[in-house]
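What follows is a short report on a single structure.
The values are calculated or read from the model by the stated rules, or taken from the named source; none is laboratory data. Nothing here was measured: the structure is a model prediction, and the numbers come from that model. Glycine also receives a Cβ, built like all others from the backbone with ideal geometry; neighbour counts cover every protein chain displayed.
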Amino acid sequence: MFDVESAPSVEQVLTQLRTKLNGVLLGKEDRIELVLACLVSGGHLLLDDLPGLGKTTLAKAIASSFGARFARVQCTPDLLPTDIIGFQLFNQKVREFEFHPGPVFSDILLADELNRTTPRTQSALFEAMAERQVTVDGKSSKLSSTFFVIATQNPIDSHGAYPLPEAQLDRFSMKLEIGYPSTESQLAILSQDRSCGEPSEADEKASELPLEALTALQQKASALHIDEAVQRYIIALCEATRSHESIALGVSPRGMLIWQQASKSWALLQGRDFVTPADVQAVAHPVLGVRLVARQFDSETLINSILENVEVPTYK
């Protein structure tokens, strides 16, 4: 069995990942760190941003870093659940039905413009995300243990869209915006003659990590120590979201567990084997941004208010 503590080490794996991803998404080191935290936590990622900012490139780069199976689905109103999970087809030669797996039978799945497809098809994907298995004609099939969904949605074009319900949004660990690159990063993109960090042939030939390295990272992050005082801090923050007068829907217990796991992953990325309150705060915006329903104000303002008003635990 692959052991991430040997060669390559945790530090080597993370360094190689950072180098690869920062090389294709220029000038977005802070976003890359949060993407890695989501990946290592074993969750799923929602990218809520404009077209052409490198979302597809990022997903492909993650898959190629591990030599992982990559699939992409362009979500449209006519997309069916079977187009996501697969279908049974009758084989005339053997006179039996054969299962043809859909794109969820991959390691990294990009669901482009998820809010463009119908709630029925969205539900099929969310079941796969939650259970890491699909059921067709009463037969269940397991998905990859590293199954990671990156879903995108366009925040400005709502025509013909099906907004994701809160219960489905809660299946994502984080929501991020990539944003436009800096002037210097755009100059680098033009100089390299590639579109928004599209990987060059040399990038694609870069050495791959074994897929087991990702599994080992996820297991190591999950096993990180978290003190009861930090757990109580997470609970206090979650309770603050539920009682806040400007928040209609706060963090669920499932969201609380996701927040803890994301905090562990962030601590691992910082080179520590324990979680601090600073780790909890570092992932607060992407974790809460996908699950808070605000009555007034924007979610960023509300999250800042909660972080400022909940007492941070201290250590002797």
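Some observations on this one:
- Annotation note: of T117, T135, the sole residue that is in contact with an Asp or Glu (Cβ under 9 Å, 6 or more places away or on another chain), in the same structural domain as T56 (by TED's automatic domain parsing) and crowded, with 22+ Cβ neighbours inside 10 Å is T117.
- Leading residue by the ranking (surrounded by the fewest Cβ atoms within 10 Å (Cβ to Cβ)) among those in the range 300-316 that are in a helix (DSSP H, G or I) and among the hydroxyl-bearing types (S, T, Y): T301
This table checks each residue for (1) over 16 Å from S185 (Cβ atoms); (2) crowded, with 16+ Cβ neighbours inside 10 Å; (3) at pLDDT below 90.
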position	(1), (2), (3)
S6	yes, no, yes
L21	no, yes, no
L26	no, yes, yes
L39	yes, yes, no
G42	yes, yes, no
T56	yes, yes, yes
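- For beta carbons closer than 9 Å, sequence separation of 6+ or different chains, a first residue in the range 266-281 that is in a loop (DSSP other than H, G, I, E, B) and a second that is among the hydroxyl-bearing types (S, T, Y), the qualifying pairs are Q270/T276; V275/S263; T276/S263; T276/Y315.
- Counted residues, the range 173-187 - those being surrounded by 15 or more Cβ atoms within 10 Å (Cβ to Cβ), modelled with pLDDT under 90 and not in a loop (DSSP other than H, G, I, E, B): 1
- Hey, G250 in contact with a His (Cβ under 8 Å, 6 or more places away or on another chain), of a type outside the set (S, T, N, Q) and modelled with pLDDT under 95 or not: yes
- Just one residue in the set S141, S145 is touching a Ser or Thr at 6+ places or on another chain (Cβ under 8 Å) and part of a strand (DSSP E or B); that residue is S141.
- Single unsatisfied condition, F297 versus (1) part of a loop (DSSP other than H, G, I, E, B); (2) out of contact with any Ser or Thr (no Cβ under 9 Å at 6 or more places or on another chain); (3) farther than 16 Å from S263 by Cα: (2)
- Going through (1) modelled with pLDDT of 90 or more; (2) in a helix (DSSP H, G or I); (3) out of contact with any helix residue (DSSP H, G or I) (no Cβ under 7 Å at 6 or more places or on another chain) one by one, C238 falls short only on (3).
- Restricted to the range 156-172, and to residues there that are exposed (fewer than 13 other Cβ atoms within 10 Å of the Cβ) and in contact (Cβ under 8 Å) with a residue 40 or more places away in the chain, the residue that is nearest to L79 (Cα to Cα) is G160.
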